[in-house]
Amino acid sequence: MINIKTMVYLADFDKGHIDKTFEWIQDPELRHSFLMRGIVSYDNHVEYFKNVLRDHTRKIYAIFYEQLHVGNCGIKHLNLKAQSAEVWIYIGENSLRKKGIGDAALKLLLRKCFNDLSLEMVYLHVADFNFSAIRLYEKNGFIKVNFQDNAEEWVSCGCKVLRLELGRSGWM
């Protein structure tokens, strides 16, 4: 039996990952599931990542499976003083979704959050219709909570957005 976990790793996101990421965000299914709004030009895409890579409250990682860049994940709203951050993840390669790669990558991301950054709590936002993502997060210890913070960010999504949280003590 193949062990997916040993074939998945995270690498620091860099300029070399931008083109593949731009290709993925053209996929309407990914855009819908990940709550991406608006059409993004290539120039805006490149500028966005230049800014993100300079932002000390964000960390982005490329997800690799068998040496192939298959998705991205990251941390935003990193607050070392409060020991918290928001996490996100997606598998861009459609043919490799629902194969366990996202689960392995999420575990690696959480290890970075709790071990490397010494965070006490991470949270995420997910569309209520994204059942596979919700199952993934709950399987990894995240719990749904009521939230009002930054609710205006999600008003134009056209769906209900859930907040899930995971504390260090609830992590495996």
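The values are calculated or read from the model by the stated rules, or taken from the named source; none is laboratory data. Note that this is a predicted model, so its numbers are computed, not measured. When we count neighbours, we look across all protein chains shown, and the Cβ atoms used for this are built from the backbone with ideal geometry, even at glycine. Just so you know, the surface numbers come from the protein's heavy atoms only, side chains and all, with ligands and any DNA or RNA stripped out. Shrake-Rupley method; radii C 1.70, N 1.55, O 1.52, S 1.80 Å.
Could you please tell me which pairs satisfy a Cβ distance under 8 Å, a separation of 6+ or placement on different chains, a first residue in region 31-52 that is farther than 13 Å from Thr21 by Cα and open to solvent by less than 100 Å² (accessible area, probe 1.4 Å), and a second residue that is polar (S, T, N, Q) and not in a loop (DSSP other than H, G, I, E, B)?
From region 31-52, no pairs qualify.
Please give the number of the condition Arg58 fails out of (1) modelled with pLDDT under 95; (2) charged (D, E, K, R); (3) surrounded by 11 or more Cβ atoms within 10 Å (Cβ to Cβ).
(1) is the only condition that Arg58 fails.
Looking at region 40-55 only, could you name the residues that are under 14 Å from Ile25 (Cβ atoms) and either at pLDDT 95 or above or part of a loop (DSSP other than H, G, I, E, B) (or both)?
Scanning region 40-55 gives Val40, Ser41.
What's the total number of residues in region 119-172 that are among the polar types (S, T, N, Q), modelled with pLDDT of 95 or more and over 22 Å from Ala104 (Cβ atoms)?
The number of residues fulfilling the criteria is 0.
Condition first: among the aliphatic types (A, V, I, L, M) and open to solvent by 50 Å² or more (accessible area, probe 1.4 Å). Can you find one or more residues in region 12-30 that meet it?
Within region 12-30 (the criterion being among the aliphatic types (A, V, I, L, M) and open to solvent by 50 Å² or more (accessible area, probe 1.4 Å)), the answer is no, since none of the residues qualifies.
Do you know which of the residues in region 63-118 that are in a loop (DSSP other than H, G, I, E, B) and of a type in the set (Gly, Ala, Ser) is nearest to Lys15 (Cα to Cα)?
By that ranking, first place goes to Gly92.
Conditions tested, residue by residue: (1) out of contact with any Ser or Thr (no Cβ under 6 Å at 6 or more places or on another chain); (2) more than 21 Å from Pro28 (Cβ to Cβ); (3) open to solvent by less than 50 Å² (accessible area, probe 1.4 Å); (4) acidic (Asp, Glu).
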position	(1), (2), (3), (4)
Leu78	no, yes, yes, no
Gly92	yes, no, yes, no
Asp103	yes, yes, yes, yes
Leu110	yes, yes, yes, no
Ser118	yes, yes, no, no
Asp128	yes, no, no, yes
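Tell me which residues, restricted to region 130-143, are open to solvent by 20 Å² or more (accessible area, probe 1.4 Å) and part of a helix (DSSP H, G or I).
The answer is Phe131, Ser132, Arg135, Leu136, Glu138, Lys139.
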